[in-house]
1. Of all chymotrypsin sites (Phe, Trp or Tyr not before Pro) in the range 1-94, which ones are in loop regions per DSSP and have a Cβ with at most 16 other Cβ atoms within 10 Å?
2. Please report the Cα spread of the range 74-188 along all three principal axes, rounded to whole Å, starting with the longest.
3. If you roll a 1.4 Å probe over the range 1-148 with all protein chains in place, what percent of the accessible area is carbon or sulfur?
4. Rank these residues by their accessible area, most exposed first, probe 1.4 Å: Met73, Met165.
5. Relative contact order for the range 118-177: what percent, with Cα pairs under 8 Å and sequence separation of 6 or more?
6. With everything on Cα atoms, drop me the angle between helix 83-100 and the longest principal axis of the chain, reported from 0 to 90° to the nearest 10.
7. How about the range 128-209: which chymotrypsin sites (Phe, Trp or Tyr not before Pro) there lie in a loop by DSSP and see at most 16 other Cβ atoms within 10 Å?
8. Are any of the pairs Lys21/Lys57; Lys143/Lys194; Lys21/Lys170 more than 22 Å apart by Cα-Cα distance, and if so, which?
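The values are calculated or read from the model by the stated rules, or taken from the named source; none is laboratory data. Please read all numbers here as calculations on a predicted model, not as lab measurements. Ideal geometry is used to build each Cβ from the backbone, glycine not excepted, and the neighbour counts take in all protein chains shown. When the accessible area is computed, the model is the full protein with side chains, heavy atoms only, and any ligands, DNA or RNA have been set aside. Shrake-Rupley method; radii C 1.70, N 1.55, O 1.52, S 1.80 Å.
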Amino acid sequence: MIDKRLERILKKLDETYGTEKIIYLEYNTPWQLLFATILSAQCTDARVNMVTRDLYKKYDSLEKFANADLSEMEKDIHSIGFYHNKAKNLIACARKLLTDFGGEVPSNLDDLLTLPGVGRKTANVIRGNIFDLPSIVVDTHVKRITKKLGFTESDDPVKIEFELMEILPKDHWIVWNTDLITLGRTICIARREKCDICFLRDDCPSAKV
């Protein structure tokens, strides 16, 4: 049975942000979302979108990514952090999708985790947004705010993911991420929380009011 405080929090999040899935990365195909998510590690979605707008015009197929020159790919994404590893992963990921999965992005978690550059966070983004499978994405906002709300004491994203799976209703698994991203960018901002205007302050044990 869902905890009463969590139930109130989910109701307030639904009322404030709605219940539709929102993704801030721009894409037209499943593999484009996969690659954008790989690029988004320790980088803003806005920066990734700026880069992929040109990137996906230049490399408009998996085959073009698979056959890309590494040094040229690095130049194409150089404004994104860790671009050396990310360029290598994009090319290797495209090749594996073509050779092992017939050019299709798999829905199975274990299959996704075999792809270069893909961890649980990226895999869950794909499962939740492309395949509509209940998935919890633990990014920096989710980790920080879930802890502030008192639903975890851990800093380990995988542990937090499994803890949230125990308490959140499945229809809120993917939206928990997008709601907390919005909250973290607008109100519960790292190092300068606006607790006085936060609609969750009455149910947040960390509220400074």
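1. On the way: sites: Tyr17, Tyr24, Tyr27, Trp31, Phe35, Tyr56, Tyr59, Phe65, Phe82, Tyr83; in loops: Tyr24, Tyr27, Tyr59, Phe82.
Filter output for the range 1-94: Tyr24, Phe82.
2. 43, 31, 22
3. Details: 3770 of 7500 Å².
Ligands and nucleic acids excluded, carbon and sulfur give 50 percent.
4. Descending accessible area places them as Met165, Met73.
5. Reported relative contact order: 37 percent.
6. 70 degrees
7. Phe131, Phe199
8. Numbers: Lys21/Lys57 26 Å; Lys143/Lys194 18 Å; Lys21/Lys170 13 Å.
Checking Cα-Cα distances, Lys21/Lys57 exceed 22 Å.
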